[in-house]
Amino acid sequence: MSWKLTCQDAADGSGDLILELPDDLLEAAGWKVGDILELEGDLANGGAIQLKKTVLCDVCDVCGAGTAETGHGVLQAQWRDGEHDGLRLCRGCFDYAMATLRREHELSHMFDEEGQ
Ligand SMILES: [Zn+2]
């Protein structure tokens, strides 16, 4: 089965595209809201693209702890140049990352407002 869908400009100046996925496609593919889909293909040249669901395994990318029952945190980057990166983290690693970022930021800006 195949669908022909048309992308819409997000019209927010970002250059992002919106692709609405019809319900029958979601049902046929077994996708649901919240699934992460990967897009492959050469859309810029009018070519066909392929969408596939990213199957994420339920372990922390840093320490390997299982996250199936606890849930997970995501540290994710999607840069305008197309580069993307990310980590799925267990609660311990996520809390550590958040606390470390905040502490380092506070330390490096601790004296910013003094002397004014
Ligand atoms: Zn972890």
For this session: Hey, can you tell me all the residues within the range 38-70 that are outside any strand (DSSP E or B), small (Gly, Ala, Ser) and either modelled with pLDDT of 90 or more or within 10 Å of the ligand (Cβ to nearest atom) (or both)?
Result: 64, 65
For this session: For residue 91, state whether it is within 11 Å of the ligand (Cβ to nearest atom) and either open to solvent by 80 Å² or more (accessible area, probe 1.4 Å) or in the same structural domain as residue 37 (by TED's automatic domain parsing) (or both).
Result: yes
Problem set entry | Residue satisfying all of: in the range 94-112; acidic (Asp, Glu) and either part of a loop (DSSP other than H, G, I, E, B) or loosely packed, with under 10 Cβ neighbours inside 10 Å (or both); farthest from the ligand (Cβ to nearest atom) among these | 112
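The values are calculated or read from the model by the stated rules, or taken from the named source; none is laboratory data. Keep in mind the model is a prediction, meaning the values are calculated, not measured. Cβ sites come from the backbone with ideal geometry, for glycine too, and all protein chains shown count toward neighbours. Heads up: the accessible areas ignore ligands, DNA and RNA and are worked out on the full protein's heavy atoms, side chains in. Shrake-Rupley method; radii C 1.70, N 1.55, O 1.52, S 1.80 Å.
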